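Okay, structure first, notes after.
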Amino acid sequence: MNGSSKELINDYMSALLEVNKHINLTRIEEGEAARLLHIEDSLSGLSELNDAPQGDYVDLGSGGGFPGVPLALASGRQTLLVDSVKKKMAAVSSILKDLDLTDQISTYDGRIEELSSLKNQCFSVATARALAQLSVLMELASPLLRIHGRLICFKAQVSEEEYSHALKLQSYLGMKLVSDRSFVLSDGMTHRRIIVFEKVKQPGLKLPRRIGLAQKKPL
């Protein structure tokens, strides 16, 4: 990652914290905590992103733009940030426009299932941070990903039940576990886990299911 990318990431974070004084985009309001829990945490998945095939990148449940914006700027990929909370996406879009980043990073303020119908198999890589359990993430991401596309799941904690359930469903959802990495952020206390699945075939059911079913009635 070059110096200009680092500067843009810091500029984005500063602008977000300023906007956050008026619109609730993040619960993290202090600069050092934001650096750790937004910038460092987001960039911890850069190696997994770079391991994915070349092509467009989608960040699911992006909220204030994390991990999507830092990873987009660090990787140079064309990026779509997705979140159904329209005021968040409007604020993020405004910041991106002010920083002249809209040629590379765009936003979508709707449901992931709706996007899947518009952008079926259009992405080479997807990320999701603190969004849903693994099996739900695989279901939501599968129709968006091309064959060999990767889903990068940012997690704090994963129960054995959640993990084993995901592994049981991976073939049905057309996915395969390719990596699982645990680490601690630079504060020495914040534990993270990044779990990556690859789309290896089309799923065994028609996706997306009706809006909301993935979360309300998980497989």
Test: ARG129 is among the charged types (D, E, K, R) and within 30 Å of SER4 (Cα to Cα): yes
Can you find a residue in segment 36-46 that is more than 30 Å from HIS148 (Cβ to Cβ) and of a type outside the set (D, E, K, R)? yes
Pull up segment 84-103, narrow it to residues that are touching a residue at least 24 places away in the same chain (Cβ under 8 Å) and of a type in the set (Gly, Ala, Ser), then point me to the one that is least open to solvent (accessible area, probe 1.4 Å). ALA91
Quick one: is LEU80 in contact with a Ser or Thr (Cβ under 8 Å, 6 or more places away or on another chain), modelled with pLDDT of 90 or more and among the hydrophobic types (A, V, I, L, M, F, W, C)? yes
Name the residues in segment 142-152 that are of a type in the set (A, V, I, L, M, F, W, C) and out of contact with any Gly (no Cβ under 9 Å at 6 or more places or on another chain), would you? LEU144, LEU151
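The values are calculated or read from the model by the stated rules, or taken from the named source; none is laboratory data. Values in this document were obtained by computation on a predicted structure and should not be read as measured data. When we count neighbours, we look across all protein chains shown, and the Cβ atoms used for this are built from the backbone with ideal geometry, even at glycine. Heavy atoms of the whole protein, side chains included, go into the accessibility calculation; ligands, DNA and RNA do not. Shrake-Rupley method; radii C 1.70, N 1.55, O 1.52, S 1.80 Å.
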